[in-house]
1. Once the Cβ-Cβ distance between Glu201 and Asp71 is put in as r, and R0 is 30 Å, what FRET efficiency do you end up with, to the nearest 0.05?
2. Could you compute the FRET efficiency for Leu328 and Ala141, with r as their C-beta to C-beta distance and R0 at 22 Å, rounded to 0.05?
3. With respect to the cross-link table entries Lys191/Lys256; Lys115/Lys335; Lys256/Lys344, which display a Cα-Cα separation exceeding 25 Å?
4. Just report the Cα centroid separation between segment 299-324 and segment 217-265, whole Å.
5. Tell me the carbon and sulfur percent of the accessible area for segment 114-200, rounded to whole percent, probe radius 1.4 Å.
Amino acid sequence: MRTMFGADVEALAGLGSSFAESAEMLETARRQVDGIVASAGWAGPDAEEFRQDWSRRLAPALTSCLGALRDNAEVLRRNAEDQARTSAADGGSGLDRGGAPWAGGGGDRSGDGGKDRPGNPDLSGHGPWVDVPPTIPLDDAALDPNMINQQGLGDCWLLAGLGAVARDDPQFIRDHMQLNADGTWTVTMYKDGDPVEITVEPEVAQDGVMDPSGNPSWASIYEKAAAEYWGGSYDDIDGGYSSDAFAAITGATPSKTGEGNLSDLKDRLADGPVALGTEDEPSWWPFGDEVDDSRVVPNHAYIVDKVEERDGELKVHVINPWGPGAHLQNDGSDKVGDMWLTEKQYKENFDTVYAVPSTR
């Protein structure tokens, strides 16, 4: 008799999804009770004692419970993904989060990384080389996340992290890019919190990130440094998670959680850079549904720009690292460069929040 070790990926992912949904339901219920307790027409010592018991004991207990549900949902998510990766390595079916050239999942960042390597990284079919101008604009306008145009590499995870950091603290980017006398650039990245200087030649891959006009930009230099940092090939940055990008770019410890709600997202954005991961096609990742909005790219990373009141409700403004404007697809859909989303739209299309403390 054959013994099975591991887990049913779909069942494990479904359990995690149930945990996450239960946390959202519990948080909604807690907020409703908060409002009822505060507004109930009840006065006197018993009423005051009850309200204090709610605020000091019962409500915190519910908050702790929903936090545990979210933490365990993330644990189940990671284990489902690990199981899928193991099954794929053993010849079984797995999740291809690298997917199409635009995709932004997968990517194991635990291996040989964080080094300055001699010469150019391998183009891996993404060439030829394009010369970088003697000077690259580094003013705030040039560092605006809308100036990132991803093109043909599957490194949206990196570019979303990079754009989010630039949005939060453009001076940090300027301080970590040095133009040398010989025309090379030195980019300071981080490995386990320690700085690593990566020196790159003034030429970048033609299929790599450019500005919206198709010219090499500061992001092109950072992308090349990342290809060197993570192994010495542009293929080494094809697929990944923005949490890994945040750690390598800033040296701080990032977080990776479920989507939560827009109030939570607003608080996180006040504390530092935030990127989002969209829901995936069901054939790639069994956690929940695929994206609902035809404007949104599945299996992709976005930059969070703003969370604010618009038209009487809280909305989030996200930026696609594909660049500004509409991007017409073969199926006739337009994947737009930026959009405002309601909380319902946000939850229907995004499932992961990547955040890191501000460098300001």
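1. Plugging the Cβ-Cβ distance into 1/(1 + (r/R0)^6) gives 0.10.
2. 0.25
3. Lys115/Lys335
4. 18
5. 50
The values are calculated or read from the model by the stated rules, or taken from the named source; none is laboratory data. From a predicted model like this one, the values you see are computed outputs, not experimental measurements. Cβ coordinates were reconstructed from backbone atoms using ideal geometry, including for glycine residues, and neighbour counts include every protein chain displayed. Ligands, DNA and RNA are stripped out before the accessible areas are found, and what is left, the full protein with its side chains, is counted by its heavy atoms. Shrake-Rupley method; radii C 1.70, N 1.55, O 1.52, S 1.80 Å.
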